[in-house]
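Computed from the coordinates by the stated procedures, all read-outs in this text should not be read as laboratory data. Remember, it's a predicted structure, so these values are computed and weren't measured experimentally. All Cβ positions, even for glycine, are placed from backbone atoms using ideal geometry, and neighbour counts span all protein chains on display.
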Amino acid sequence: MPERTQLTQQDEALRQARTPLSTRELRTRAGLQWIADRLTGFRSSEDMTRVARTSAALRYSTDLLGDTRDANGLYYDLLQALPVVDRDMTRGEYALIVRRELGGQA
C-alpha cells in the first residue's frame, strides 16, 4: 500500500493533466508529431535507422528555429524523447511507437 504522501498513478495523471505544458515541452511534442508524420508519409516501408532518427530531430529543430542555441536545445530534447532504434523495423513502425509515446495523439 502506498504511503499517504505518495500519489497514486491516477492522482499523478490528474496532476500532470492539470499542469500546463511549457513552451519547451510543446515544441518537443510538436517535433515528435512532425517526425512521426514525416516517417509515415515518406518511405514508410523502408528500414528505420539511427541516422534517420538523428536527422529527423536535426531537421525539425533547425527548420523551426534556425541555427540557434534554442534549436540545439530542441534537438537534444527530441533525441531524448525519441525511442532508440535498437532492432529492425520500418519507418512506419517507428512512427507508431513515437505516436504511442505521445499518448496516442495522432
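Give the calculated FRET efficiency between Asp47 and Leu102 to the nearest 0.05, with a Förster radius of 25 Å applied to their Cβ-Cβ distance.
Numbers: r = 22 Å, r/R0 = 0.90.
Approximately 0.65, to the nearest 0.05.
Which parts of segment 70-106 would a label at Trp34 reach, counting a residue when its backbone N lies under 12 Å from a point 7 Å out along Cα-to-Cβ?
In segment 70-106, the label zone of Trp34 (backbone N under 12 Å from the point 7 Å along Cα→Cβ) covers 71-72, 74-75, 78.
Using a 10 Å cut-off around each Cβ, can you sort Ser61, Ser55, Ser22 from fewest to most neighbouring Cβ atoms?
Numbers: Ser61 25, Ser55 12, Ser22 9.
Neighbour counts put them in this order, fewest first: Ser22, Ser55, Ser61.
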